[in-house]
1. Counting only helical runs of four or more DSSP H residues, what would the 222 nm mean residue ellipticity of the chain come to if each run contributes -39,500 (n - 2.57) and the total is spread over all its residues?
2. If I stretch the segment between Asp58 and Arg28 completely, what's the gain in nm (0.36 nm per residue apart, minus their alpha carbon distance), one decimal?
3. How much length, in nm to one decimal, is gained on full extension between Lys112 and Ser79, taken as 0.36 nm per residue of separation minus their Cα-Cα distance?
4. Any idea of the accessible area per residue across the chain, 1.4 Å probe, to the nearest Å²?
5. At 0.36 nm per residue, and after removing the present C-alpha to C-alpha distance, how many nm does the segment from Arg151 to Val98 gain when stretched out fully?
6. Express the carbon and sulfur contribution to the solvent-accessible surface of the chain as a percent, rounded to the nearest whole number, probe 1.4 angstrom.
7. At 1.4 Å probe size, put Arg102, Arg159, Arg154 in order of accessible surface, largest to smallest.
8. Leaving ligands and nucleic acids out of the surface, order Asp11, Asp38 by accessible area at 1.4 Å, largest first.
Amino acid sequence: MKRRFPLLHPDAFCESIYHIDTKALSDRGISNLLIDIDNTLVEWNGREVAERLIEWIDGLLEKGFSICVLSNNKHFRVSEFAGSLGLPFVALAGKPRVGPYRKAMRLIGAGKNNTAVIGDQIFTDVFGGNRTGLHTILVSPIGRDGLWWTRQVRKIESRFLAGVRVDDRG
Ligand SMILES: [Mg+2]
């Protein structure tokens, strides 16, 4: 079936980051991850880094993944959060622009064919990732959005997603 708006379709959808099949990612040659923060790793503007999140990140690093945090949020917020996880980051990214994805890839020595994007928003994370030619994984947003605008976009996204069929694995 030919899809309309292919750049808005994630390659995979997962309930949360913890549901992503990282073995399947490795099997398809992916060893680099560009990960959104807000509503993907923590609730919007959340500062608490849960033990489970640290273990998940550490597990990925042990398996040989390189990770860069890629966020549209402010520099101090992103640097603090990424710093507490010990990860490189790109802040004020302006997703879905392609430039910041490429910048994040350069930071960790990633290539187009071995990189996946993980995020909770179709019109920023997924759209930008697809434009950059990367494997895109959409996750359900954590918690409630702090921004009215994001809530409005969610409504459009959920209508859109109702017509989307994707793999349920990473
Ligand atoms: Mg987000």
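The values are calculated or read from the model by the stated rules, or taken from the named source; none is laboratory data. Predicted model only: the values in this text are computed from it and were never measured. Heads up, the Cβs are rebuilt from the backbone with ideal geometry, glycines too, and the neighbour counts pull from every protein chain shown. In case anyone asks, the SASA skips ligands and DNA or RNA and just uses the protein heavy atoms, side chains included. Shrake-Rupley method; radii C 1.70, N 1.55, O 1.52, S 1.80 Å.
1. Helix contribution divided over all residues of the chain: -10000 deg cm²/dmol.
2. Fully extending the segment from Asp58 to Arg28 adds 8.7 nm.
3. 9.4 nm
4. Per residue, the chain has an accessible area of 53 Å².
5. Taking Arg151 through Val98 to full extension adds about 16.7 nm, to one decimal.
6. 52 percent
7. Output order, biggest surface exposure first: Arg159, Arg102, Arg154.
8. Largest accessible area first, the residues go Asp11, Asp38.
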